[in-house]
(Lines give C-alpha, C1' and ligand atoms only; values in the text may rest on other atoms or scores of the structure.)
Protein backbone atom coordinates (compact mmCIF):
# COMPACT_ATOMS: atom_id res chain seq x y z
CA UNK A 1 0.00 0.00 0.00
CA UNK A 2 1.25 3.48 -0.90
CA UNK A 3 2.16 5.99 1.82
CA UNK A 4 -0.56 8.67 2.16
CA UNK A 5 1.69 11.35 0.65
CA UNK A 6 1.98 9.27 -2.52
CA UNK A 7 -1.77 8.78 -2.96
CA UNK A 8 -3.16 11.28 -5.48
CA UNK A 9 -6.78 12.37 -4.92
CA UNK A 10 -8.72 14.00 -7.74
CA UNK A 11 -11.47 16.20 -6.29
CA UNK A 12 -14.33 17.01 -8.64
CA UNK A 13 -16.35 20.15 -7.94
CA UNK A 14 -18.47 22.92 -9.42
CA UNK A 15 -20.43 22.31 -12.58
CA UNK A 16 -23.04 24.60 -14.12
CA UNK A 17 -26.16 23.47 -12.26
CA UNK A 18 -28.25 25.14 -9.56
CA UNK A 19 -26.10 23.57 -6.82
CA UNK A 20 -22.75 24.81 -8.12
CA UNK A 21 -22.14 27.14 -5.16
CA UNK A 22 -22.91 24.38 -2.67
CA UNK A 23 -20.42 22.12 -4.43
CA UNK A 24 -17.72 24.79 -4.32
CA UNK A 25 -18.28 25.27 -0.58
CA UNK A 26 -18.17 21.51 -0.01
CA UNK A 27 -14.98 21.29 -2.07
CA UNK A 28 -13.29 24.01 -0.02
CA UNK A 29 -13.86 22.12 3.24
CA UNK A 30 -13.01 18.69 1.77
CA UNK A 31 -9.82 19.83 0.02
CA UNK A 32 -8.53 21.30 3.27
CA UNK A 33 -9.30 18.04 5.09
CA UNK A 34 -7.72 15.85 2.39
CA UNK A 35 -4.50 17.88 2.52
CA UNK A 36 -4.42 17.77 6.33
CA UNK A 37 -4.83 13.98 6.27
CA UNK A 38 -1.72 13.83 4.10
CA UNK A 39 -2.91 13.08 0.56
CA UNK A 40 -1.89 14.90 -2.58
CA UNK A 41 -4.99 16.55 -4.09
CA UNK A 42 -5.85 18.08 -7.47
CA UNK A 43 -9.10 20.05 -7.75
CA UNK A 44 -11.02 20.07 -11.04
CA UNK A 45 -14.10 22.16 -11.79
CA UNK A 46 -16.08 20.05 -14.26
CA UNK A 47 -17.42 23.16 -15.98
CA UNK A 48 -13.88 24.16 -16.89
CA UNK A 49 -12.41 20.92 -18.21
CA UNK A 50 -12.80 18.26 -20.85
CA UNK A 51 -13.74 15.01 -19.14
CA UNK A 52 -11.21 13.15 -21.27
CA UNK A 53 -8.47 15.12 -19.55
CA UNK A 54 -9.22 13.37 -16.25
CA UNK A 55 -7.14 10.40 -17.34
CA UNK A 56 -4.06 12.62 -17.66
CA UNK A 57 -4.17 13.53 -13.95
CA UNK A 58 -3.19 9.96 -13.00
CA UNK A 59 -5.27 10.03 -9.82
CA UNK A 60 -5.48 7.03 -7.51
CA UNK A 61 -8.89 8.05 -6.12
CA UNK A 62 -11.62 10.53 -7.02
CA UNK A 63 -13.34 12.46 -4.24
CA UNK A 64 -16.76 13.44 -5.58
CA UNK A 65 -17.62 16.88 -4.18
CA UNK A 66 -20.31 17.54 -6.78
CA UNK A 67 -23.98 18.13 -6.06
CA UNK A 68 -26.99 17.89 -8.34
CA UNK A 69 -26.76 17.17 -12.07
CA UNK A 70 -23.89 14.96 -13.31
CA UNK A 71 -22.28 14.49 -9.91
CA UNK A 72 -25.26 13.10 -8.05
CA UNK A 73 -27.39 11.41 -10.71
CA UNK A 74 -25.03 8.61 -11.77
CA UNK A 75 -23.40 10.38 -14.73
CA UNK A 76 -19.97 11.05 -13.23
CA UNK A 77 -20.09 7.66 -11.54
CA UNK A 78 -20.55 5.97 -14.93
CA UNK A 79 -17.60 7.83 -16.41
CA UNK A 80 -15.36 6.96 -13.47
CA UNK A 81 -16.40 3.32 -13.79
CA UNK A 82 -15.27 3.35 -17.43
CA UNK A 83 -12.00 5.03 -16.46
CA UNK A 84 -11.58 2.54 -13.59
CA UNK A 85 -10.90 5.32 -11.09
CA UNK A 86 -12.14 4.45 -7.56
CA UNK A 87 -14.51 7.14 -6.30
CA UNK A 88 -16.21 8.15 -3.08
CA UNK A 89 -19.95 8.01 -2.43
CA UNK A 90 -22.50 5.81 -4.19
CA UNK A 91 -22.46 4.20 -7.63
CA UNK A 92 -24.50 4.64 -10.80
CA UNK A 93 -27.76 2.87 -9.99
CA UNK A 94 -27.93 4.05 -6.38
CA UNK A 95 -27.22 7.66 -7.31
CA UNK A 96 -29.82 7.60 -10.09
CA UNK A 97 -32.50 6.12 -7.83
CA UNK A 98 -31.90 8.57 -4.98
CA UNK A 99 -31.81 11.55 -7.35
CA UNK A 100 -35.31 10.78 -8.64
CA UNK A 101 -37.63 11.33 -5.66
CA UNK A 102 -40.55 9.44 -7.21
CA UNK A 103 -38.47 6.37 -8.07
CA UNK A 104 -36.85 6.38 -4.64
CA UNK A 105 -40.25 6.63 -2.97
CA UNK A 106 -41.66 3.73 -5.00
CA UNK A 107 -38.68 1.45 -4.40
CA UNK A 108 -38.54 2.04 -0.64
CA UNK A 109 -42.32 1.68 -0.31
CA UNK A 110 -42.39 -1.57 -2.29
CA UNK A 111 -39.42 -2.98 -0.39
CA UNK A 112 -40.86 -2.33 3.08
CA UNK A 113 -44.66 -2.30 2.75
CA UNK A 114 -45.09 -5.92 3.87
CA UNK A 115 -42.40 -5.78 6.56
CA UNK A 116 -42.90 -5.36 10.31
CA UNK A 117 -41.92 -1.70 9.98
CA UNK A 118 -43.11 -0.21 6.65
CA UNK A 119 -41.61 3.17 5.78
CA UNK A 120 -44.16 5.98 5.39
CA UNK A 121 -44.06 8.78 2.84
CA UNK A 122 -46.40 11.71 2.32
CA UNK A 123 -49.13 10.96 -0.21
CA UNK A 124 -48.23 11.93 -3.78
CA UNK A 125 -50.71 14.24 -5.50
CA UNK A 126 -51.34 14.33 -9.23
CA UNK A 127 -50.41 17.65 -10.81
CA UNK A 128 -52.66 18.92 -13.59
CA UNK A 129 -52.17 21.80 -16.02
CA UNK A 130 -54.98 24.36 -16.05
CA UNK A 131 -54.03 27.21 -18.35
CA UNK A 132 -51.18 29.11 -16.75
CA UNK A 133 -51.76 27.32 -13.46
CA UNK A 134 -50.89 23.90 -12.08
CA UNK A 135 -53.44 22.38 -9.71
CA UNK A 136 -54.11 19.33 -7.53
CA UNK A 137 -57.28 17.61 -6.31
CA UNK A 138 -56.57 18.42 -2.68
CA UNK A 139 -57.80 21.17 -0.37
CA UNK A 140 -55.05 21.20 2.29
CA UNK A 141 -51.47 22.45 2.31
CA UNK A 142 -49.20 20.72 -0.17
CA UNK A 143 -45.60 20.84 -1.38
CA UNK A 144 -44.40 21.21 -4.97
CA UNK A 145 -40.80 20.31 -5.79
CA UNK A 146 -38.57 19.17 -8.64
CA UNK A 147 -38.52 15.40 -9.09
CA UNK A 148 -34.74 15.63 -9.39
CA UNK A 149 -32.38 17.91 -7.50
CA UNK A 150 -31.45 18.87 -3.97
CA UNK A 151 -30.68 21.71 -1.55
CA UNK A 152 -34.41 22.56 -1.58
CA UNK A 153 -33.95 24.41 -4.89
CA UNK A 154 -37.35 25.02 -6.47
CA UNK A 155 -39.38 23.73 -3.50
CA UNK A 156 -42.59 25.62 -2.75
CA UNK A 157 -45.22 25.12 -0.04
CA UNK A 158 -48.79 25.98 -1.08
CA UNK A 159 -50.69 26.63 2.13
CA UNK A 160 -54.01 27.82 0.69
CA UNK A 161 -55.94 26.87 -2.43
CA UNK A 162 -55.34 23.99 -4.80
CA UNK A 163 -53.56 25.73 -7.66
CA UNK A 164 -50.47 27.83 -8.21
CA UNK A 165 -48.69 29.78 -10.91
CA UNK A 166 -45.30 28.19 -11.50
CA UNK A 167 -42.84 30.57 -13.11
CA UNK A 168 -39.75 28.35 -12.96
CA UNK A 169 -38.28 26.75 -16.07
CA UNK A 170 -39.45 23.29 -15.00
CA UNK A 171 -42.34 21.63 -16.80
CA UNK A 172 -45.15 19.64 -15.25
CA UNK A 173 -43.26 16.43 -16.09
CA UNK A 174 -40.31 17.63 -14.01
CA UNK A 175 -42.37 18.45 -10.91
CA UNK A 176 -44.12 16.46 -8.20
CA UNK A 177 -46.58 17.36 -5.46
CA UNK A 178 -47.13 15.83 -2.03
CA UNK A 179 -49.38 16.52 0.94
CA UNK A 180 -47.57 18.77 3.42
CA UNK A 181 -47.03 16.64 6.53
CA UNK A 182 -45.53 16.94 9.97
CA UNK A 183 -44.41 19.74 12.24
CA UNK A 184 -40.74 18.85 12.78
CA UNK A 185 -37.92 18.56 10.24
CA UNK A 186 -35.48 15.73 11.04
CA UNK A 187 -32.41 14.24 9.39
CA UNK A 188 -30.09 11.25 9.90
CA UNK A 189 -26.64 10.67 8.40
CA UNK A 190 -25.47 7.11 7.78
CA UNK A 191 -21.69 6.76 7.63
CA UNK A 192 -20.32 3.38 6.58
CA UNK A 193 -23.47 1.47 7.63
CA UNK A 194 -23.76 3.36 10.93
CA UNK A 195 -26.60 5.85 11.54
CA UNK A 196 -25.03 8.70 13.52
CA UNK A 197 -27.85 10.56 15.25
CA UNK A 198 -31.09 12.47 14.63
CA UNK A 199 -30.97 16.24 14.19
CA UNK A 200 -34.05 18.43 14.53
CA UNK A 201 -33.94 21.46 12.24
CA UNK A 202 -35.78 24.69 12.91
CA UNK A 203 -35.64 27.99 11.03
CA UNK A 204 -35.44 31.34 12.76
CA UNK A 205 -38.50 32.45 10.80
CA UNK A 206 -41.32 30.08 11.80
CA UNK A 207 -43.11 30.73 8.49
CA UNK A 208 -40.05 29.67 6.51
CA UNK A 209 -39.24 26.04 5.76
CA UNK A 210 -35.72 24.59 5.55
CA UNK A 211 -35.02 26.13 2.14
CA UNK A 212 -31.78 26.94 0.35
CA UNK A 213 -31.16 30.12 2.35
CA UNK A 214 -31.90 28.38 5.66
CA UNK A 215 -29.48 25.58 4.76
CA UNK A 216 -26.48 27.63 3.69
CA UNK A 217 -26.72 31.04 5.35
CA UNK A 218 -24.76 31.24 8.58
CA UNK A 219 -27.81 32.13 10.68
CA UNK A 220 -30.40 30.48 8.49
CA UNK A 221 -31.38 27.64 10.81
CA UNK A 222 -30.89 26.05 14.20
CA UNK A 223 -29.88 22.39 14.56
CA UNK A 224 -30.79 20.57 17.76
CA UNK A 225 -28.76 17.40 18.46
CA UNK A 226 -30.19 15.08 19.61
CA UNK A 227 -33.66 15.87 18.29
CA UNK A 228 -36.33 16.55 20.91
CA UNK A 229 -38.66 13.71 19.92
CA UNK A 230 -39.94 10.54 21.60
CA UNK A 231 -37.36 7.74 21.82
CA UNK A 232 -39.44 5.38 19.68
CA UNK A 233 -39.54 7.98 16.88
CA UNK A 234 -35.82 8.69 17.30
CA UNK A 235 -35.04 4.99 17.00
CA UNK A 236 -37.39 4.63 14.03
CA UNK A 237 -35.68 7.48 12.15
CA UNK A 238 -32.28 5.87 12.76
CA UNK A 239 -33.59 2.47 11.62
CA UNK A 240 -35.34 3.82 8.51
CA UNK A 241 -32.26 5.80 7.46
CA UNK A 242 -30.06 2.71 7.63
CA UNK A 243 -32.70 0.53 5.98
CA UNK A 244 -33.16 2.88 3.01
CA UNK A 245 -29.37 3.32 2.72
CA UNK A 246 -29.02 -0.46 2.41
CA UNK A 247 -32.06 -1.09 0.19
CA UNK A 248 -30.77 1.09 -2.64
CA UNK A 249 -27.13 0.15 -2.06
CA UNK A 250 -25.53 3.36 -0.79
CA UNK A 251 -21.76 3.45 -0.32
CA UNK A 252 -19.81 5.48 2.21
CA UNK A 253 -22.41 8.03 3.26
CA UNK A 254 -26.02 9.12 2.87
CA UNK A 255 -28.34 11.53 4.63
CA UNK A 256 -32.07 10.86 4.91
CA UNK A 257 -34.60 13.59 5.64
CA UNK A 258 -37.87 13.17 7.53
CA UNK A 259 -40.93 15.04 8.77
CA UNK A 260 -42.50 14.17 12.13
CA UNK A 261 -46.13 14.82 13.06
CA UNK A 262 -46.10 15.12 16.85
CA UNK A 263 -49.90 15.16 17.09
CA UNK A 264 -50.32 11.89 15.22
CA UNK A 265 -46.94 10.60 16.46
CA UNK A 266 -46.19 9.59 12.89
CA UNK A 267 -42.88 9.73 11.02
CA UNK A 268 -42.63 10.38 7.28
CA UNK A 269 -39.57 9.89 5.10
CA UNK A 270 -38.95 12.63 2.52
CA UNK A 271 -35.85 11.66 0.53
CA UNK A 272 -32.31 10.31 0.68
CA UNK A 273 -29.24 12.29 -0.37
CA UNK A 274 -26.21 10.32 -1.58
CA UNK A 275 -24.02 13.46 -1.69
CA UNK A 276 -24.67 15.30 1.60
CA UNK A 277 -23.18 18.76 1.82
CA UNK A 278 -19.89 19.22 3.63
CA UNK A 279 -20.05 23.00 4.01
CA UNK A 280 -19.48 24.89 7.25
CA UNK A 281 -23.26 24.87 7.91
CA UNK A 282 -23.93 21.31 6.71
CA UNK A 283 -25.70 18.69 8.78
CA UNK A 284 -23.58 15.58 8.20
CA UNK A 285 -20.25 16.98 9.51
CA UNK A 286 -22.17 18.39 12.47
CA UNK A 287 -23.66 14.97 13.24
CA UNK A 288 -20.25 13.33 12.90
CA UNK A 289 -18.81 15.85 15.35
CA UNK A 290 -21.60 15.06 17.82
CA UNK A 291 -20.54 11.40 17.58
CA UNK A 292 -16.90 12.27 18.21
CA UNK A 293 -15.65 12.26 14.60
CA UNK A 294 -13.70 15.15 13.11
CA UNK A 295 -14.32 16.24 9.52
CA UNK A 296 -10.90 14.80 8.64
CA UNK A 297 -11.86 11.41 10.09
CA UNK A 298 -15.14 11.52 8.20
CA UNK A 299 -13.39 12.31 4.89
CA UNK A 300 -10.86 9.52 5.57
CA UNK A 301 -13.74 7.02 5.92
CA UNK A 302 -15.14 8.10 2.55
CA UNK A 303 -11.74 7.82 0.85
CA UNK A 304 -11.13 4.40 2.39
CA UNK A 305 -14.51 3.25 0.99
CA UNK A 306 -13.72 4.50 -2.54
CA UNK A 307 -14.21 1.95 -5.34
CA UNK A 308 -15.49 1.67 -8.88
CA UNK A 309 -18.09 -0.72 -10.29
CA UNK A 310 -16.90 -3.34 -12.77
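The values are calculated or read from the model by the stated rules, or taken from the named source; none is laboratory data. Please read all numbers here as calculations on a predicted model, not as lab measurements. Positions of Cβ are backbone-derived with ideal geometry, glycine not excepted, and every protein chain shown enters the neighbour counts.
Looking at segment 70-79 only, could you name the residues that are surrounded by fewer than 24 Cβ atoms within 10 Å (Cβ to Cβ) and touching a strand residue (DSSP E or B) at 6+ places or on another chain (Cβ under 8 Å)? Passing the criteria: only 73.
Residue check, residue 41 against (1) modelled with pLDDT of 95 or more; (2) outside the structural domain of residue 268 (by TED's automatic domain parsing); (3) within 29 Å of residue 269 (Cβ to Cβ), all met but one. Which one? So residue 41 meets the others, but not (3).
Put simply, of 308, 260 the only residue that is outside the structural domain of residue 20 (by TED's automatic domain parsing) and closer than 24 Å to residue 108 by Cβ is 260.
Only residues that are in contact (Cβ under 8 Å) with a residue 40 or more places away in the chain, surrounded by fewer than 18 Cβ atoms within 10 Å (Cβ to Cβ) and assigned to a loop (DSSP other than H, G, I, E, B) were counted across segment 271-292, and they come to 3.
State whether one or more residues within segment 250-262 are at pLDDT below 95 and not in a helix (DSSP H, G or I). Yes: one or more hits.
Residue 100 meets all of the listed conditions (1) in contact with a helix residue (DSSP H, G or I) (Cβ under 9 Å, 6 or more places away or on another chain); (2) under 24 Å from residue 147 (Cα atoms) but one, namely (1).
Going through (1) surrounded by fewer than 19 Cβ atoms within 10 Å (Cβ to Cβ); (2) outside the structural domain of residue 23 (by TED's automatic domain parsing); (3) in a helix (DSSP H, G or I) one by one, residue 137 falls short only on (3). Would you confirm whether or not segment 216-238 contains a residue that is assigned to a helix (DSSP H, G or I) and at pLDDT below 95? Checked segment 216-238: at least one residue is assigned to a helix (DSSP H, G or I) and at pLDDT below 95.
How about segment 36-95: which of its residues are without any contact (Cβ under 8 Å) to a residue 24 or more places away in the chain and within 10 Å of residue 308 (Cα to Cα)?
Looking only at segment 36-95, we keep the residues that are without any contact (Cβ under 8 Å) to a residue 24 or more places away in the chain, and these are 49-50, 52-53, 56, 75, 78, 82.
Across segment 36-95, the qualifying residues are 78, 82.
Of 274, 294, 281, which residue is closer than 14 Å to residue 199 by Cα and touching a helix residue (DSSP H, G or I) at 6+ places or on another chain (Cβ under 9 Å)?
Numbers: 274 fails: closer than 14 Å to residue 199 by Cα; 294 fails: closer than 14 Å to residue 199 by Cα.
Result: 281 is the single residue among 274, 294, 281 that is closer than 14 Å to residue 199 by Cα and touching a helix residue (DSSP H, G or I) at 6+ places or on another chain (Cβ under 9 Å).
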